[in-house]
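Notes to accompany the following structure.
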Amino acid sequence: MKKYLLKFTMLIALAISFSAADAQFFVKIRPMAPVIRVRPIAPSPRHVWVSGEYVWRGSEYVYTDGYWAEPPFPGRRWIEGHWKENRRGWVWVPGHWRR
């Protein structure tokens, strides 16, 4: 019985984590644009600059710095994240790789 209870608890925790990953957090006033730091030199010609992002931490959006990364597959390009406004407020749309 303990084994089934543990499996059930793990399954519920996994389901909650996946549903929270797709959640959108709205704010009435979007955060101020961060101070742009100097971009370091690319490690190689293959690397692409992945711009900084806002992530939801607790009860607010926090800015994370950009970094250099290699595209996950050849021919992919980085689409920058952006703020989007609707009737509920502002929400951050994360950046992503696109063909």
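A short reminder: the numbers here are calculations on the coordinates, not readings from a lab. Owing to the predicted nature of the structure, the values given are computational and were not obtained by experimental measurement. Positions of Cβ are generated from backbone atoms using ideal geometry, with glycine treated the same way; all protein chains shown enter the neighbour counts.
If R0 equals 30 Å, the separation of the Cβ atoms of Arg39 and Arg88 corresponds to a calculated FRET efficiency of about 0.35.
Dipole magnitude for segment 48-99: about 340 debye, using +1 per Lys or Arg Cβ and -1 per Asp or Glu Cβ, origin at the Cα centre.
In terms of other Cβ atoms within 10 Å, Tyr61, Tyr67, Tyr54 run from fewest to most in the order Tyr67, Tyr61, Tyr54. Working from label points 7 Å from Cα in the Cα-to-Cβ sense, the Gln24 to Arg46 distance is 3.6 nm. If you sort the three axes of the alpha carbon gyration tensor as a ≥ b ≥ c, you get a/c of 1.5 or more for segment 48-99 and a/b no higher than b/c, which makes it oblate.
Which loop trypsin sites (Lys or Arg not before Pro) in segment 36-80, with loop taken from DSSP, have no more than 16 other Cβ atoms within 10 angstrom of their Cβ? Taking segment 36-80 and a limit of 16 other Cβ atoms within 10 Å, the loop trypsin sites (Lys or Arg not before Pro) found are Arg37, Arg46, Arg76. Going from the residue with the fewest nearby Cβ atoms within 10 Å to the one with the most, His96, His47 rank His96, His47. Arranged from fewest to most other beta-carbon atoms within 10 Å of their beta carbon, Phe25, Phe73 become Phe73, Phe25. For segment 35-82, GluC sites (Glu not before Pro) are listed when DSSP marks them as loop and at most 15 other Cβ atoms sit within 10 Å of their Cβ; the list is Glu80.
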